Every structure is written in structure tokens, then in C-alpha cells.
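Each remark here refers to the structure printed beneath this line.
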């Protein structure tokens, strides 16, 4: 195919993009048209690389209301509710819900997901189900799995053995949740143990770390230390990091420097962090999301995750990473042009780097994976939650959507047809 007159996220306008044999063959203005290929008029719309979600829970998604609704809306009730649901899970239901969510994702231009999968159930039903889903969706979506001990790798009996079994079965990443261990000392011990396990196996690490309003929850400090001690630089991610929102500035400045020195990646989950954190506050209420602008300014790679959709922790969501990025820019007050671009990058190029996707990006020779958005630039895409007109993977169209338009016929005003008025 040849896409005519598209804008690119780096600011280039009116570009043509030629796709041949599933790869981007050329980018430039007014490219010649090879014989016998489809021509798509981009009409000045934004061509973006696919969206990437670096933090999700595919085993829990679309389970809202099972076996009951989270009445308090808190993180801890969500964890307790998930514990109630686990004995009732079946592999078929897990597979069906996960596949349905992947359908939603593709329609929204989301073609790569890192999902944490709970390994505290000795049956490892969720692990088996998501490994099956990973193979099913492989032709159209990259799925990475993290072995996640939801109840604590030391706190939950048999969790370490279960986690190792999950890695033996083909799970990609070592996970953890140090702040949920019984004591701070056990949390520190779990970080050391899990990083050593990852180093032995040559695997990346992605830990739920300091998802708390407690400024004394500082396990990411240990994570940065173990990363350097074991030579894991560039392979370790700290997810959530919400305690940093409550820390004093002096300590946070020291911590951010340590994280940068260790080349940690960081993940914020704007929709969920703003929903679950600050629940013990009256007023003023803390936002809870980690210090995204400060982390970025220090050179730390920051990605945004959706985290939850219709599950025990979150009663909303639709696989829309533009909604995630929009919440991120609002919570972090990143409303400058550079800030909005950085939030767009947090759900595209930053997250692709974090996942280590080797063939990602709008460049000649890369795989022809992209999304045509009904917007002229990233800021407008965020503002409008732009319609995904076209979703392409390896040169094959996976999804098409008609342009959104508003037809206005108002007294005293000329008749208008304007897509910028439609949502």
C-alpha cells in the first residue's frame, strides 16, 4: 500500500509512506506509485506507530462483578476480591476474556502489551491460559508475560516455586511486589532474591514497587542497588512507584539520581494511580501518580500503562491508550507542547523501548505496523481521543473505522460538517 499525505509524530507533514512485503519501503513527499498497489489518502491525518501498554493484568480483565463488586474501590479490597475469585477461575473463561480484550486492543491500535499474571495459585491456571492466548494472538499482537506473585513471593506459601515453574513454562519476565510482603525487611529480601533469579536466567525484571501512599515505602532504592550489583542495567522496571508522590523533595531527588544511575525504566499507570491512591486522605487529597516529569528530566525512560479494565480494581476502561496518556498529562500537569508530546511518547516509543520491541517505529526497513489517527498531530490526538481510521500490522489491515464527523445545522449558522467536533 501507499499512504498519501500523512503527518508523522516527529512533526513532518504531508509525507507519503510506501509499504512493500510487510515493511516500510520509503517515506517522503510525493513518492512515485509502484504499479498495482493500494493507495490510501491520509488527508493530513497522523500516522503513528502502534500503541504499547507496558503494564496490564490480562488474567483479571473483564471480570468486573465476579464474584462481587469492589464496594470501597480500594487497592486492598481489590486484592482481597481477586483472592475470592481465584478459586472460581476456569481456563476457558480466562482465555475467552483475554482474547476479547485483545480484540478491543487491536481496534484501538494497541498492538503490544506486557501483562502481569498471578502465580500464587498453585494450579497456574492463569499462566497456562495466557501462554495459550500469547500464541493465539501472535500474528497480530505482541504479548509479554510477567510472573507476578500477587500475594507476595515470601508472604504466600509456595509462591517462589510457582514463579519458577511459570518461568520454566515460558513466562518472559520476573515480577514482584515487595511492599506487600509482611515486613519491610522481607520486601527488601524479595527484591534481592527475585533480581538474582532474573540474573541467573537472563531475564528482565518488572516489579510492582511502592504502590502506596506511604513515603517510607522505598523498595525502588533496593531495586536500583540490586540492578547495579547484578549488572542488570536497562533490563529492570519499577512499576507504579506511587510512594514517590508522597516523599519529601530531598529524598526523592536522591532516589531519582540512583534510578537514573541504574538505568531503571519506570512505569506510571495514570488511570489507576489517580483512582486508588489517596484513599486514606480527607482533604487535601494526594494525586498519587509518581513524579513523571522529574523522572523524564533525569533521563529515565517512562512508559504509561492501562493496568486494569473492568476488573476488581477498576470499573471502567476500553483499551484506549490515548485515554491513559491524557490522564497522565493532566495529573502530571504536562500541558506544554513538549509535555504533551512526552505523554504521547509514553504510550508509543518509550514503552516500545521498555519492552525491547526490535522492529518498532516509523522508519524505512521497519515492520509496517502503524495506526492512522483522525488528528493532525499528537496533541490533537490526545485532545480528541482520535478515531483509529486504520490499524496495520506487517502491512496487513487489521481494523478500519469510518471517520467521526458531526453534522451541524444550527439557526443563524452555516451548515457544518466537522470531524473536530466529533468524539
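The values are calculated or read from the model by the stated rules, or taken from the named source; none is laboratory data. Computed from a predicted structure; not experimentally measured. All Cβ positions, glycine included, derive from the backbone under ideal geometry; neighbour counts span all protein chains shown.
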Selection count, the stretch 102-128, where residues are crowded, with 24+ Cβ neighbours inside 10 Å, in a helix (DSSP H, G or I) and touching a residue at least 60 places away in the same chain (Cβ under 8 Å): 2
Hey, residue 345 crowded, with 24+ Cβ neighbours inside 10 Å, out of contact with any helix residue (DSSP H, G or I) (no Cβ under 6 Å at 6 or more places or on another chain) and either farther than 26 Å from residue 219 by Cα or not assigned by TED's automatic domain parsing to the domain that holds residue 234 (or both) or not: no
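For the stretch 243-262, state whether one or more residues are outside any helix (DSSP H, G or I), in contact with a helix residue (DSSP H, G or I) (Cβ under 8 Å, 6 or more places away or on another chain) and on the phi > 0 side of the Ramachandran plot.
no
Working carefully through the options 287, 291, find the one that is under 25 Å from residue 336 (Cβ atoms), modelled with pLDDT under 95 and either crowded, with 21+ Cβ neighbours inside 10 Å or in contact with a helix residue (DSSP H, G or I) (Cβ under 8 Å, 6 or more places away or on another chain) (or both).
So the residue among 287, 291 that is under 25 Å from residue 336 (Cβ atoms), modelled with pLDDT under 95 and either crowded, with 21+ Cβ neighbours inside 10 Å or in contact with a helix residue (DSSP H, G or I) (Cβ under 8 Å, 6 or more places away or on another chain) (or both) is 287.
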Output for the stretch 29-63, where each listed residue is touching a residue at least 12 places away in the same chain (Cβ under 8 Å) and at positive phi: 30, 43, 44, 62
Residue 174 under 30 Å from residue 390 (Cβ atoms), modelled with pLDDT of 95 or more and touching a helix residue (DSSP H, G or I) at 6+ places or on another chain (Cβ under 6 Å): no
Residue that is nearest to the chain's Cα centre (by Cα) [pool: residues in the stretch 401-419 that are loosely packed, with under 11 Cβ neighbours inside 10 Å and in a loop (DSSP other than H, G, I, E, B)]: 402
Index of the failed condition, residue 69 passing every other in (1) within 21 Å of the chain's Cα centre (by Cα); (2) surrounded by fewer than 15 Cβ atoms within 10 Å (Cβ to Cβ): (1)
Members of the stretch 14-36 that are surrounded by fewer than 16 Cβ atoms within 10 Å (Cβ to Cβ) and within 28 Å of the chain's Cα centre (by Cα): 22
